[in-house]
Amino acid sequence: MTQKYEFVEGDEKTIAPGIVVKRIRALVAIAATAWTPAVTPGDLGGYIQGVENLTQVSGDAWVYGDAWVYGDARVYGDAWVYGDARVSGDARVYGDARVYGDAWVSGDARVSGDARVYGDARVYGDAWVSGNARVYGDAWVYGDARVYGDAWVYGDGLIFWASKVGSENGTLTVYNAKDNTLEVTRGCFRGTPEQFLAKSADVHEERIQHEYRLLIEVAASRIEAARAAVAEPAEAVNE
């Protein structure tokens, strides 16, 4: 099978003791998309530590610019990492996801689907960002947070999560949606706070329902305050 890239001899960076990333060069063409330019054979890419970091023979995944992918991180599918982005640890970026700007994805984080992580955003820990979600600006998503659907998280105060809640000790995540409403995720559920509480009333005892109501009230208070204090980054208009 045709390999997608090769390493550029002599073009490498030592980013930490024992960690060296090397520039890649395209060996095949990758078609342009609405969000990414075409790649032609001979084009320089970004930096990766080894072939395990970027799929070599399948999909249109690519790393370019001054982006680094290292450690046990994986970029695959049709995902792109570019700009000054950093992907490390055991992180996975896949699907049609994009990580760019000065964004960092690390730990056991997952970015997938049509998700975008950019600006100065950080996604780490066991966090998942997927679907059509956007995490950007100065936003930090970490811990066990789950962000997907139509999320637009552009500041650290625009997301709230609580772990070890409910009958299954899971994670409840509440975040700012694209239209500046609230969206809730819990397990496979995604919807408005009202939809979530109605669903909870069908399956949970009153104590758990009460806890969820209190948590959502706290989340709503914090996110609404953050909306007033955090201006949406200008780059989101052109993203």
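Would you please name the residue that is farthest from the chain's Cα centre (by Cα), looking only at residues in the stretch 42-89 that are acidic (Asp, Glu) and under 15 Å from TRP104 (Cβ atoms)? Here the residue is ASP66.
On the stretch given as the stretch 60-82, residues that are buried (at least 18 other Cβ atoms within 10 Å of the Cβ) and on the phi > 0 side of the Ramachandran plot total 2.
In this structure, is GLY137 buried (at least 16 other Cβ atoms within 10 Å of the Cβ), assigned to a loop (DSSP other than H, G, I, E, B) and not charged (D, E, K, R)? Criteria met by GLY137. Picking from TRP152, TRP161, which residue would you name as being buried (at least 22 other Cβ atoms within 10 Å of the Cβ), touching a residue at least 60 places away in the same chain (Cβ under 8 Å) and not assigned by TED's automatic domain parsing to the domain that holds ALA34? Among TRP152, TRP161, only TRP152 is buried (at least 22 other Cβ atoms within 10 Å of the Cβ), touching a residue at least 60 places away in the same chain (Cβ under 8 Å) and not assigned by TED's automatic domain parsing to the domain that holds ALA34.
In the stretch 110-121, is there at least one residue being at pLDDT 95 or above and touching a Leu at 6+ places or on another chain (Cβ under 9 Å)? Scanning the stretch 110-121, I find no residue that is at pLDDT 95 or above and touching a Leu at 6+ places or on another chain (Cβ under 9 Å), so the answer is no. No other residue among ASN180, ASN176 is within 21 Å of the chain's Cα centre (by Cα) and modelled with pLDDT of 95 or more apart from ASN176.
The values are calculated or read from the model by the stated rules, or taken from the named source; none is laboratory data. In this text, all values refer to a predicted model and were calculated from it rather than measured experimentally. Please note: Cβ atoms are built from the backbone with ideal geometry, for glycine as well, and neighbour counts cover all protein chains shown.
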